[in-house]
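I have placed the structure first, in the form of structure tokens, so that the comments after it can refer back to it.
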Amino acid sequence: MNSLWPIIVGGVLPAIFWGITAIFQKQSATAATGSAVYLIAFGTACAFAGLIGSLEGLGLAATAGTCFALGTGLISFALFAYGVPVSKLAPIWSCNVLVTLAIGALYLGEASEINTGKLAAGTLLILSGALLVSSA
């Protein structure tokens, strides 16, 4: 198996799909859908896409869904209530990778697998990029 395939499947394609999602989320907000209706429609679509599964890890999946719904709901609220441009919010919420890294290091015990020099440099680049793009 090509070593790039997991990166494409687990990183590049989700980034593309989530980037497209933000556009449709903005269109939904400008159509005055409201956060509740958006989350219901979004959740229903996710449920149908994920029908294949097992009972193992159901609570963890529900927790992940709750976190995702809270984040998505807050984004929809900001887009709808405050009229914030999606181009200003997307770079900021894309910093979620830093939260994942911190929790993975602390909670999942992955700290020993992290090169702290690269992590520090990457963190600075991510934050600098988010600030630069969101202020453009």
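The values are calculated or read from the model by the stated rules, or taken from the named source; none is laboratory data. Since the structure is predicted, the reported quantities are computational estimates derived from the model, not experimental observations. Don't worry about glycine lacking a Cβ; one is built from the backbone with ideal geometry, like all the others, and counts go over all protein chains shown.
Exactly one condition in (1) assigned to a helix (DSSP H, G or I); (2) surrounded by fewer than 12 Cβ atoms within 10 Å (Cβ to Cβ); (3) of a type in the set (A, V, I, L, M); (4) touching a residue at least 12 places away in the same chain (Cβ under 8 Å) is not met by LEU101; state its number.
Every listed condition holds for LEU101 apart from (2).
List pairs: first in segment 1-26 and modelled with pLDDT of 75 or more, second assigned to a helix (DSSP H, G or I) and of a type outside the set (Gly, Ala, Ser), Cβ under 6 Å, 6+ apart or cross-chain?
ALA22/VAL86; LYS26/LEU79; LYS26/VAL86
Looking at VAL84 and the list (1) over 13 Å from the mean Cα position of the chain (by Cα); (2) assigned to a helix (DSSP H, G or I); (3) at pLDDT 80 or above; (4) surrounded by 12 or more Cβ atoms within 10 Å (Cβ to Cβ), which single condition is not satisfied?
Only one criterion in (1) over 13 Å from the mean Cα position of the chain (by Cα); (2) assigned to a helix (DSSP H, G or I); (3) at pLDDT 80 or above; (4) surrounded by 12 or more Cβ atoms within 10 Å (Cβ to Cβ) is unmet by VAL84, namely (2).
Would a scan of segment 48-58 turn up a residue that is within 30 Å of GLN27 (Cβ to Cβ) and among the hydroxyl-bearing types (Ser, Thr, Tyr)?
no
If you scan segment 115-136, which residues turn out to be exposed (fewer than 14 other Cβ atoms within 10 Å of the Cβ) and modelled with pLDDT under 85?
SER135, ALA136
Would segment 107-123 turn up any residue that is under 25 Å from GLY19 (Cα atoms) and of a type in the set (Val, Ile, Thr)?
yes
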